[in-house]
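Take a look at the structure set out below.
The values are calculated or read from the model by the stated rules, or taken from the named source; none is laboratory data. As the structure is a prediction and not an experimental result, all values here were calculated from the model. Cβ placement follows ideal geometry from the backbone for every residue including glycine, while neighbour counts extend to all protein chains displayed. Areas reflect the complete protein model, heavy atoms only, side chains present, ligands, DNA and RNA absent. Shrake-Rupley method; radii C 1.70, N 1.55, O 1.52, S 1.80 Å.
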Amino acid sequence: GDVVDAPKPPRVSQNSGGWITPLVKYWQVTGSERARKMAAGLANFIVDYQYTSLKPGKKLGISNVHGALFAVAGVIREALAGGDPKHIAWAREMVDYASDKLASRYGWVMEMEGRDWMKPEDSNSCESCAVVDMLQCYLLLAGAGYPEYWDRAERYIRNYFTAGQMIDTGWMNACSPCPDNVASSWTDVPSRVRGCFVGWGAPNDLVDETARVKDAIQNCCGPHGAWGLFLAWRRIVTVRG
């Protein structure tokens, strides 16, 4: 009995562009032509349509920098796997823009291109997952024949990224003794978050008291950070023949 609104232009949601990467990897492992066609279709849509109608002053088609760069990295992977080679030039433009306008030279990457979802008093903090996606783009482009991105990748890895993993959590206070329930747990939190990566961090601190979400570890930053460590490790030594 619902009344459907008039059709709206199709859009890729915040993190849906990230599906290109697993589709490409699945095709490479299994030979699935269906996965390859889905990856190519999503990459084509993002390049040809997602970025054609943006808010004034915006360049990324997804306001969340993590979601945008996750999609861009997938477009690079799909192009390198036999897709449209012109997509590499498009991806480089997006990556260079994000590097120059939305990030620092030492690896801090802001959460949002604009101030979507943010209050006036909130700062534009960093998400580790955005750092990893920028790092992923650098590594893919460097391996595709653009060696200038190796230096950027190394600076990101050595500086903000690895410093953003919480190896020491002894400075954290223990939570108040609340009983655990289905939705929340307060038991031994400092030791349980050891090894996680910062979410909403300041340029020089794991915690940003002016962030959109304060004193928090973002759910996407922990696993994405672990993957970022693998991406870096995988390229420390490359053996050919």
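When the chain is modelled as a GNM with alpha-carbon springs shorter than 10 Å, which of L135, L206, L69 fluctuates the most?
For the chain, modelled as a Gaussian network with Cα springs under 10 Å, the answer is L206.
On average, how much accessible surface per residue is there in the stretch 1-125, in Å², for a 1.4 Å probe, leaving out ligands, DNA and RNA?
Roughly 53 Å² per residue, with all protein chains present.
Taking every pair of Cα atoms in the stretch 1-68, average 1/r, invert it to obtain the Kirkwood radius, and report Rg/Rh to two decimals.
Value, to two decimals: 1.08.
So, in Å, what gap is there between the alpha-carbon centers of the stretch 217-241 and the stretch 68-144?
16
With a cut-off of at most 15 other beta carbons within 10 Å, and DSSP calling the residue loop, which trypsin sites (Lys or Arg not before Pro) in the stretch 90-124 qualify? Please list them. Walk me through the numbers before you get to the answer.
On the way: sites: R92, K101, R105, R115; in loops: R105, R115.
Loop-located and lightly packed - R105, R115.
Using a probe of 1.4 angstrom, how much of the accessible area of the stretch 143-241 is carbon and sulfur, in percent?
Result for the stretch 143-241: 56 percent of the exposed heavy-atom area is carbon or sulfur.
For the chain, what is the mean residue ellipticity at 222 nm derived from helices alone (per DSSP H run of n ≥ 4: -39500 (n - 2.57); sum divided by total residues; nearest 500 deg cm²/dmol)?
Mean residue ellipticity, 222 nm, calculated: -13000 deg cm²/dmol.
At a temperature of 10 °C and a viscosity of 1.306 mPa s, determine how fast the stretch 45-121 diffuses translationally according to Stokes-Einstein, using the Kirkwood radius over alpha-carbon pairs as Rh; express D in µm²/s, rounded to the nearest whole number.
Rounded, D is 120 µm²/s.
Taking the Cα centre as origin and putting +1 on Lys and Arg beta-carbons and -1 on Asp and Glu beta-carbons, what dipole magnitude results for the chain, to the nearest 20 debye?
On the way: 26 positive and 26 negative charges, 162 e Å.
That gives a dipole near 780 debye.
Using only alpha-carbon positions, what ratio does the radius of gyration of the chain give when scaled by 2.2 N^0.38 Å?
Numbers: Rg = 19.2 Å, N = 241, 2.2 N^0.38 = 17.7 Å.
Taking N as the residue count of the chain, the ratio is 1.09.
Please tell me which of these pairs span more than 30 angstrom C-alpha to C-alpha: K8/K86; K86/K214; K101/K214; K8/K214; K58/K119? Walk me through the intermediate numbers first.
Working: K8/K86 28 Å; K86/K214 41 Å; K101/K214 24 Å; K8/K214 34 Å; K58/K119 19 Å.
In this structure, K86/K214; K8/K214 exceed 30 Å between Cα atoms.
So, with a 1.4 angstrom probe, what is the percent of accessible area on the stretch 17-87 that is carbon and sulfur? Intermediate results must be reported in sequence, preceding the final value.
Values: 1940 of 3300 Å².
Here it works out to 59 percent.
For L23, L229, give the ranking by accessible area with the largest first, probe 1.4 Å.
Ranked from most to least accessible, the order is L229, L23.
Could you calculate the contour length gain from D116 to K101, that is, 0.36 nm times the residue separation minus the distance between their Cα atoms, to one decimal place in nm?
Working: separation 15, 0.36 × 15 = 5.40 nm, distance 1.65 nm.
Net length gain for the segment: 3.8 nm.
Report the GluC sites (Glu not before Pro) located in the stretch 124-233 that are in a DSSP loop and have at most 16 other Cβ atoms inside 10 Å of their Cβ, or state none.
Details: sites: E127, E148, E154, E209; in loops: E209.
For GluC sites (Glu not before Pro) across the stretch 124-233 that sit outside H, G, I, E and B with at most 16 neighbouring Cβ atoms in 10 Å, the list reads E209.
What are the equivalent ellipsoid semi-axes of the stretch 92-197, built from the alpha-carbon gyration tensor (square roots of five times its eigenvalues), in whole angstrom, biggest first?
That gives 33, 18, 12 Å for the three semi-axes.
Measuring from label point to label point, each 7 Å out along Cα→Cβ, what is the S13 to V207 span in nm?
With each label placed 7 Å out from Cα toward Cβ, I get 3.3 nm.
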